[in-house]
Structure formats: C-alpha cells, structure tokens
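K.L.:
Below is one structure. I have some questions about it.
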Amino acid sequence: MTTHNPEPIAPELIRPTLLPLKRWMPRDFWILLLIFFALYFFRLGQFSISIDDELEAMGNYSNVWILTGRWAGYVIDRYLLARSTIPFLPIFLFGIAMCMAYLQLLRAFGIQRARATDFLAFPFFAALPTWAFLAAFAANIASAGLGYLLAMRALARYRSCLDRLDEFGVLHALFSPGAVAAMLWLGIAIGIYQAFLFAFVTAALALLILASSRKSFTLRELQRQLFLLAGIVLGALLLYVAVDVMFRSITGLYSRSYLGSILDWNSLLHSPLGVTSKVLDSMGEAYGGRGSLYGITAFGFPLLIVCGIGTMMMLPALGSMQRAALWILGLAMFTTPFGLHFLAGGAMPARTLVAVPIVFWFCATLGMTTRHFRLAATTFAVVLVAILQIFYSSTLLQASNFFVRVHDQALAQALYARIVEVQPDSADTQALVVDFYGAKSFQTQYPRSSTSGFSFFEWDGGNEGRILAYMHLIGYTNLVTASTEQRERDLATFAKMATWPAHDSVRVVGQTTLIKLGDTPGYPFNTR
C-alpha cells in the first residue's frame, strides 16, 4: 500500500503575499511599538474609567457620534467596538495606528528609514500629555489612532502631489489620484474627530517650512503649494459634510444643537481681540508647559519650542523673501492647532489639542538634526528632559485618576449602605427610587486636569444620571432615578436637610430616598 505525502508548500509561494504587510509594518514599526508600550505601560496594564466612560458602558452610545458630527466614529463605535469601556484594547489599537501614522509622517518628510533622532522624537508625537486627555474616554482613543493614521496618510499623498507640481501644474495636481486620495483619507479622519483636520494642516505647514528653505524657493512656488493644500482641505470638508448629511438622513438625527453649543461665531465677530487673548492664553499653557494643563511645570516644553524656532532662524542661505515666508508659515503652524479655539470663542477642552504633538515633534526633529553642533546638542539634552516630563505628567494624572476611583467606589458603597439602612424592609432585587442633590468633591494632593482626577459624584456639579450609571456599573443595579416632577418637588425638602455624611443627609420621603451630597443643586437645576 502506498501512502501519499502532500507536497510541501514552497516558501516562495507565500512570501509575495506578505509584501504589503512588510511595507506597512517594517522593522521600524516594531521598534516604535516597543517604545509606545514603554510610554503607555501604566494604561495598558491598568483599567480605570473616566468621565463619560460610564455612559458609554451602560448602553448604546453610538448615536451621540452622529449628533457631534463624527459619522466615522459612529461606524467604528457601532460595528467594531460597540462597548469600548474595556481594558487594554482601545489603547493597544491606538498604539498600533500611531506607530503606522508616524511612519507615514516620516515618509512625507522624505525619511524612509527612521533614525535615532526619529525614535527620540516619537514620544512627542504619540505620548504628549495632551493625548492623555483624549485617552481618558475609551471610545475616543479607540478610534483616534485610526484618524491620525488617515490624516498622516493624506499628508503623504499631499507630499507626492508637491513633488509632481512642476510637472502637472496646480489644477491638474488637484484632480490627480494622489490629491483625491488625500481628500478621501482626510475627510474620513475629520469624520472620526474634527480636530484631525488641524493636525493635517499643521503637519503640512511644517512640510512647507522645510520646502521654503531650499535654494530653488520662489514665492510663486509657495503660492501653488498653498493653493493645493487649500484645495485638498476644501475637498475633504465637502466630502465630510456630504457624508454627514447622509448619515443624519439615514438615522433621522438632524439636531445640530451639540455643535451649536460649541461654536461661538458671535464672540469672534463682536470681540475678536477678546477671543484672540483667550487663544493666546491657551497657546501659552500648551507651549509653555504650564501646570494648569499638564499637572506639572514642564519647563522642557517651552525650551524645546525655543530650540525649534532657533533652528528655523539659523537655516542657511535664506534670502529676505524666504525668511518672511518662513516666519509666516511658522506663525501659522504654531497657531493652527488652536483653530477650533477661535471658532468656539477662545476656549476648547484640552482633548482637542491633537495637532500640538506635531509642533513639538517638528521642533525636536529640526533641532536635533541641525548642522550647528551646539544647538543640536542643546536640543538633544532638552528632548531628554522633556521626555522625562512627559512620563512624569502622564503618571501624575494617572495617579490622581487611580485615587479618585478608590474614593468613588468607597463612597458608592457607603451611600448604598445608608440607602438600605433607611429602607430596612427593602430586598436586594427591589427597585429603590432615589434622588441625588448636589456634589461631593474629591480632594487630592495630586494634580487634576481635564477629566483626570475628577469624581463621578462631583462632575456637572452633581449629575444624578452619571452617579447612577457609575453605581450600576459596580453592581448597585436596583437604584432608579426619580421622575423630573418628583425631583422638582424634592428641592424644598433638600433645602432643610443636612449634607453628607451627616445622619440626616439621607431621608425617605414617600417612595423616594433623598441623598444630599452638597449644599447647591446639581445638574440640571444648576443650569437655569
């Protein structure tokens, strides 16, 4: 009897199918991923939820993305990560995408293989503490990496169009496959998070700063480059709006009240100087390394900005026209990350500063690769200090978030015990109608910024919906909120009650248990 031995599969038949993977994930990718693991070790190894995570974890939150104009985020949240309040995976996906995005950024700047200085500059791109504010909400960070990857992919396509601008002309380049692809990638990135538009423009301006330092530079060439950039941005915005209208039509969610509550055109029109002053203050916080934003005074951050500006000033063989163009482009690059601030009346949450890492990365890379040895050595030293401060700031904010969750869990347990105490005949499965009044603030020696370090029992001045969502998550599922009418009637009783943890801070009135956490009413009564 003969046996049939199957012919082994030849390795050469497999190898070609892996070439695209090798191109997208070369050796540099794995080195960057190891660096990312070191930068985010504490987030990858721990699970701690932040403000808004409790709402996403309790139910279908995906429709919110349509209301906020983030239709691509809706697709991801609905069909890929329907329950993103989970450990490890959201940050892990963010890391993979950011490493790939960084390689796209390097290629757009003509760097095919990462150098030692590129690895050193990577923490500013992927782990600047401004990312911690976006990472506080798992549903945001899970898709943020993909949005950044698409924005940097659009940048690489823009660079390819610039290289062929002289050959085809501006209009031809604007309708070329590369430009159309850039519009597509950027449009989807905006659909994930509108702030990614400013990340793309900031990186493009940094690219033009280097282009303006070439000996062959002409003002006409810069005009054509800017015209192409504007065309790609406009095309991406048109695509974004068209798809946004389509998604709103399909879902029936036409309300734009959320976006309307953020945008503040009246302030910009009636008080442009006042808005500009607020924006400059926000810029001073971000670029100046202020403790009000980062939790520590990160003096390495402004020093790095100074090194970058100093390098730009010392670029060789610059004529007067080139220097003027460079200063204008530099000013635009530093200002662009705060574009949403101008549209919102001067202030926006820190999590929108997704373009600021590009500025720090550019300054670090430019300074460390200059031909002036003393400036390069100085920048190198500043980079090391700034990286240490990135670690320090991020871990301090994580520490405050850890302790506030310990506090919240203990407080929730104490509150539930008191609720059961005043209703001794209640069973574990019996629904208990409750009404929370006011807020119980969390005090800590650690810095707090954005949502990091803030309690579910204090946010919004005390928000019963958030409080109950958090308590349901940790197991107290039999608590239900009182009706709006009942809560209105309870206000008079709350005015006579003592504040937690006094004995009379929890009282039963009819079928409702009243819990007074603070002296002033919380949401929505504090919005009137």
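Yes or no, residue by residue, for (1) in contact (Cβ under 8 Å) with a residue 12 or more places away in the chain; (2) more than 22 Å from Gly147 (Cα to Cα); (3) not hydroxyl-bearing (Ser, Thr, Tyr):
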residue	(1), (2), (3)
Leu226	yes, yes, yes
Ala230	no, no, yes
Arg248	yes, no, yes
Tyr254	no, yes, no
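K.L.:
Suppose we filter Ala195, Ala142, Ala189 for residues that are closer than 30 Å to Asp52 by Cβ and in contact with an Asp or Glu (Cβ under 9 Å, 6 or more places away or on another chain); which single one remains? Walk me through how you get there before you give the answer.
P.N.:
Values: Ala195 fails: in contact with an Asp or Glu (Cβ under 9 Å, 6 or more places away or on another chain); Ala189 fails: in contact with an Asp or Glu (Cβ under 9 Å, 6 or more places away or on another chain).
Within the list Ala195, Ala142, Ala189, the selection yields Ala142.
Every residue, every condition in (1) surrounded by 22 or more Cβ atoms within 10 Å (Cβ to Cβ); (2) closer than 30 Å to His270 by Cβ; (3) modelled with pLDDT of 95 or more, yes or no:
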residue: Ala324; (1), (2), (3): no, no, no
residue: Ile328; (1), (2), (3): no, yes, no
residue: Met333; (1), (2), (3): yes, yes, yes
residue: Leu343; (1), (2), (3): no, yes, no
residue: Ala347; (1), (2), (3): no, yes, no
residue: His372; (1), (2), (3): no, no, no
residue: Ala381; (1), (2), (3): no, no, yes
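K.L.:
Across segment 337-378, which residue is farthest from Gly147 (Cα to Cα) among those that are of a type in the set (Ser, Thr, Tyr) and in contact with a Ser or Thr (Cβ under 8 Å, 6 or more places away or on another chain)?
P.N.:
The selected residue is Thr370.
K.L.:
Which of (1) modelled with pLDDT of 90 or more; (2) touching a helix residue (DSSP H, G or I) at 6+ places or on another chain (Cβ under 6 Å) is the odd one out, the single condition Ala132 does not satisfy?
P.N.:
Evaluating Ala132 over (1) modelled with pLDDT of 90 or more; (2) touching a helix residue (DSSP H, G or I) at 6+ places or on another chain (Cβ under 6 Å) leaves (1) as the failure.
K.L.:
Related question: Whether any residue in segment 213-224 is part of a helix (DSSP H, G or I) and of a type in the set (Phe, Trp, Tyr) is what I want to check.
P.N.:
no
K.L.:
Right, something else. Checking the conditions here, which among Ser450, Ser394 is within 30 Å of Thr481 (Cα to Cα), among the hydroxyl-bearing types (Ser, Thr, Tyr) and surrounded by 20 or more Cβ atoms within 10 Å (Cβ to Cβ)?
P.N.:
Numbers: Ser394 fails: within 30 Å of Thr481 (Cα to Cα).
Ser450 is the lone residue from the list that is within 30 Å of Thr481 (Cα to Cα), among the hydroxyl-bearing types (Ser, Thr, Tyr) and surrounded by 20 or more Cβ atoms within 10 Å (Cβ to Cβ).
K.L.:
Output the residues belonging to segment 430-460 that are under 23 Å from Asn140 (Cβ atoms) and either not in a loop (DSSP other than H, G, I, E, B) or not assigned by TED's automatic domain parsing to the domain that holds Val509 (or both).
P.N.:
Selection gives Ser449, Ser452, Trp459, Asp460.
K.L.:
Restrict the check to segment 403-419 and report whether at least one residue is modelled with pLDDT under 95, farther than 30 Å from Ile474 by Cα and more than 18 Å from the chain's Cα centre (by Cα).
P.N.:
no
K.L.:
So, one more: Tell me, which helices (runs of 4 or more DSSP H) lie completely within segment 57-176 with 1 or more residues that are over 30 Å from His472 (Cβ atoms), touching a Pro at 6+ places or on another chain (Cβ under 7 Å) and in contact (Cβ under 8 Å) with a residue 12 or more places away in the chain?
P.N.:
Passing ranges, in order: 116-126, 130-135.
K.L.:
While we're on this one: Could you please let me know if Arg448 is touching a residue at least 24 places away in the same chain (Cβ under 8 Å), more than 18 Å from Pro524 (Cα to Cα) and of a type in the set (D, E, K, R)? Write out each step before concluding.
P.N.:
Numbers: touching a residue at least 24 places away in the same chain (Cβ under 8 Å): yes; more than 18 Å from Pro524 (Cα to Cα): yes; of a type in the set (D, E, K, R): yes.
So Arg448 passes the test.
K.L.:
Sort through Ala206, Ala230, Ala211, Ala236 and tell me the only one that's out of contact with any strand residue (DSSP E or B) (no Cβ under 8 Å at 6 or more places or on another chain), more than 21 Å from Trp361 (Cβ to Cβ) and buried (at least 16 other Cβ atoms within 10 Å of the Cβ).
P.N.:
Going through Ala206, Ala230, Ala211, Ala236 in turn, just one is out of contact with any strand residue (DSSP E or B) (no Cβ under 8 Å at 6 or more places or on another chain), more than 21 Å from Trp361 (Cβ to Cβ) and buried (at least 16 other Cβ atoms within 10 Å of the Cβ): Ala236.
K.L.:
Also, quick follow-up: Might you let me know whether segment 296-311 holds any residue that is farther than 24 Å from Ala386 by Cα, assigned by TED's automatic domain parsing to the domain that holds Leu205 and not hydroxyl-bearing (Ser, Thr, Tyr)?
P.N.:
Scanning segment 296-311, I find no residue that is farther than 24 Å from Ala386 by Cα, assigned by TED's automatic domain parsing to the domain that holds Leu205 and not hydroxyl-bearing (Ser, Thr, Tyr), so the answer is no.
K.L.:
Here is a further query. Condition (residue is closer than 30 Å to Ser394 by Cβ and either surrounded by 13 or more Cβ atoms within 10 Å (Cβ to Cβ) or assigned by TED's automatic domain parsing to the domain that holds Phe133 (or both)) applied to segment 505-520: is it met by at least one residue?
P.N.:
Scanning segment 505-520 turns up no residue that is closer than 30 Å to Ser394 by Cβ and either surrounded by 13 or more Cβ atoms within 10 Å (Cβ to Cβ) or assigned by TED's automatic domain parsing to the domain that holds Phe133 (or both).
K.L.:
When you go through (1) in contact (Cβ under 8 Å) with a residue 60 or more places away in the chain; (2) in contact with a helix residue (DSSP H, G or I) (Cβ under 7 Å, 6 or more places away or on another chain) one by one for Lys215, which number turns out not to apply?
P.N.:
Result: Lys215 passes all but (2).
K.L.:
Quick one: Met314 ticks every box in (1) closer than 23 Å to Thr369 by Cβ; (2) free of Cβ contacts under 8 Å to residues at least 60 places away in the same chain; (3) not polar (S, T, N, Q) except a single one, so which number is it?
P.N.:
Against the list (1) closer than 23 Å to Thr369 by Cβ; (2) free of Cβ contacts under 8 Å to residues at least 60 places away in the same chain; (3) not polar (S, T, N, Q), Met314 comes up short only on (2).
K.L.:
Condition first: closer than 22 Å to Met333 by Cα, in a helix (DSSP H, G or I) and of a type in the set (Gly, Ala, Ser). Now tell me which residues in segment 177-211 satisfy that.
P.N.:
Ala179, Ala182, Gly187, Ala189, Ala199, Ala203, Ala204, Ala206, Ala211
K.L.:
Kindly list the number of the only condition in (1) closer than 22 Å to Met313 by Cα; (2) under 24 Å from the mean Cα position of the chain (by Cα); (3) not hydroxyl-bearing (Ser, Thr, Tyr) that fails for Phe200.
P.N.:
(1)
The values are calculated or read from the model by the stated rules, or taken from the named source; none is laboratory data. These numbers come from a predicted model, not from an experiment. Using ideal geometry, Cβ is built from the backbone for each residue, glycine included, and neighbour counts are taken over all protein chains shown.
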